[in-house]
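Asks: Have a look at this one before I ask anything.
Any read-out appearing in this document is the output of simple, stated calculations on the displayed coordinates, not a laboratory observation. All figures in this text were calculated on a predicted structure; none of them were measured in a lab. Because the Cβ atoms are built from the backbone with ideal geometry, glycine has one as well, and the counts that use them run over all protein chains shown.
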Amino acid sequence: MRLNSVLLILILSSLVACSQADSVPESECDKVVAHAKSVLKENAPSKSDMLKQCKAASDEARGCVMAADKPMKLLKCDF
């Protein structure tokens, strides 16, 4: 039972951490994509695919991407 409580706390804290990222407008998609590519390196999708995703994403999701410094953190973003 104690392990479940620890896991729940970790999951909630990761959601809160990402939700506190600054909002990033669509006009900053070039910067968002460049940052995501630098985090994902050779595993990054094409720039054109990422730009489409960025433009379709919310300001909060773009902010989440900009706050991510590791690939696993990018997975938590609704991008």
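Asks: Place the peptides 51-57, 67-73, 32-38 in order of packing, highest mean first, counting for every residue the other Cβ atoms within 10 Å and averaging per peptide.
Replies: Ranked from most to least packed, the peptides come out as 32-38, 51-57, 67-73.
Asks: Here's something else I'd like to know. Once you have the Cα-Cα distance between Lys31 and Ser46, take 0.36 nm times their residue separation minus that, and quote the gain in nm to one decimal. Before the final figure, lay out each step's value.
Replies: Values: separation 15, 0.36 × 15 = 5.40 nm, distance 1.46 nm.
Full extension of this stretch gives 3.9 nm more.
Asks: On to the next question. Taking just the alpha-carbon atoms of region 27-75, what radius of gyration and Dmax come out, in angstrom?
Replies: In Å, with Rg to one decimal and Dmax whole: 9.5, 26.
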